[in-house]
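Presented below is the structure to which this report refers.
Bear in mind that the values in this text are calculations on the coordinates, not laboratory data. Quick caveat: nothing in here was measured; it's all calculated off a predicted structure. Using ideal geometry, Cβ is built from the backbone for each residue, glycine included, and neighbour counts are taken over all protein chains shown.
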Amino acid sequence: MAKDSVTIRDVAARAGVSKSTVSKYLTSTPYVSADARERIERAVAELGYRPNGSARALVGGRSRFVGVLVPSIANPYQADLLAGIERAAAPHQLGTLLAIADNDEPRERELLQGLLKSGADGVIVTSAHAEDAEVQALRRAGIPVVLAGRHIAAPEIDSVVIDNRQGARLAVDHLVELGHRRIAHIPGPLTVLDFAQRAEGYRDALRAHGLEPLPLLGGARLPDPERGREAVRALMELPEAERPTAVFAAVDWIAVGVLAEASKRGIEVPGELSVIGFDNVSFCELTAPSLSTVDAHPERIGQRAVDRLADRIASGYRDEPGSREVLAPTLVVRSSTGEPKTRA
């Protein structure tokens with residue numbers, strides 16, 4: 001059955017519910033039971049149904065806007081990524097519909113469903129928490145979708161990402177070259193593939209230098225400045241001989257917390273503790289001291305995600321394998337890294 005010939009009646013028949021129940025679901029009307037909602041969602045995915053109420057009012061059936069799902073705009077990485085998306089959308093004559101989840105995973109699921117029903121020409125997902133099955137449901141519904149800054153183990157989904165392992169190696173190599181031998185890593189949530197890859201790159205790089213990785217400092221909660229503060233507090237509880245002389249943070253947002261807590265405790269950076277982040281967001285030059293980091297090119301990722309999505313929209317999103325574009329990270333050395341006071 002062609003996707004554009006699938007009707008609400010077809011969805012209702014497949015789901016075993018009434019047309020009015022499907023209509024309520026599609027318009028986000030309350031009082032649709034969880035069981036009915038699940039069956040309707042499954043029917044929509046299986047039939048490839050795409051709500052087109054808004055599209056009928058548009059010339060050529062195009063809405064000329066794309067949905068963008070972000071976990072939070074408080075994270076500077078997301079802000080830089082969105083800047084790239086907005087900059088690239090204009091030349092393609094595309095507007096953006098921003099869906100902000102405020103780091104609330106149930107809310108993310110609701111927003112993805114809302115984007116499915118919105119009539120958007122396509123969707124960019126920047127969140128690391130959106131579940132693989134939910135992203136794949138967009139694709140099965142015939143909606144072009146591109147992941148920006150993350151990827152999943154689904155060959156049909158397009159993504160634009162940074163080489164996380166290589167970025168971690170750049171950070172560790174830089175610290176080792178400065179003379180550091182005890183280097184700690186503060187990861188992001190290790191259930192997220194990109195953060196897991198950065199942790200793997202950290203371990204592999206240290207072992208390549210004949211050094212033993214230290215136990216990871218946490219890894220379950222969101223990557224934010226408080227994670228960095230907690231890590232410094234934990235490190236200060238160690239015997240002085242066991243404390244690391246350098247810290248590699250999975251994201252700059254964590255590194256900011258490290259710098260803040262080090263300053264509060266009178267820890268000299270980089271003399272007593274070198275700090276390096278990952279992302280190279282816009283504030284890195286403004287911290288005290290300025291933050292050394294790995295440039296993950298967030299604006300470039302946003303721009304390339306829009307370009308890829310625009311290509312998919314123009315081609316009619318034919319059934320073909322997805323693509324994964326991997327950008328090369330670069331090392332940015334600033335004032336937060338230096339030689340340890342005494343080389344180990």
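Observations
- Total charge dipole magnitude, region 109-261, about the Cα centre, Cβ charges on Lys, Arg, Asp, Glu only, Debye to nearest 20: 100 debye
- Furthest towards positive pole of dipole, PRO213, ALA196, ILE313, structure part the chain, Cβ charges: ILE313
- Once the chain from SER290 to ALA153 is taken as fully extended at 0.36 nm per residue, the excess over their C-alpha distance is 45.7 nm.
- The chymotrypsin sites (Phe, Trp or Tyr not before Pro) of region 274-318 include none that DSSP puts in a loop with a beta carbon having at most 12 other beta carbons within 10 Å.
- Ranked by the mean number of other Cβ atoms within 10 Å per residue, highest first, peptides 294-306, 158-170 order as 294-306, 158-170.
- Under 22 Å, Cα to Cα: Lys pairs in the chain, sequence gap 8 or more or different chains: 6
- Full-stretch length increase - GLU105, GLN93 - with 0.36 nm per residue and alpha-carbon distance subtracted: 1.2 nm
- In a simple Cβ point-charge model (Lys, Arg +1; Asp, Glu -1; nothing else charged), the chain has a dipole of about 880 debye relative to its Cα centre.
- Under 5 Å, built H, 5+ apart or other chain: amide partners of GLY95: PHE65, VAL66
- Using a Förster distance of 41 Å, the FRET efficiency for GLU268-GLU134 (Cβ separation, nearest 0.05): 0.35
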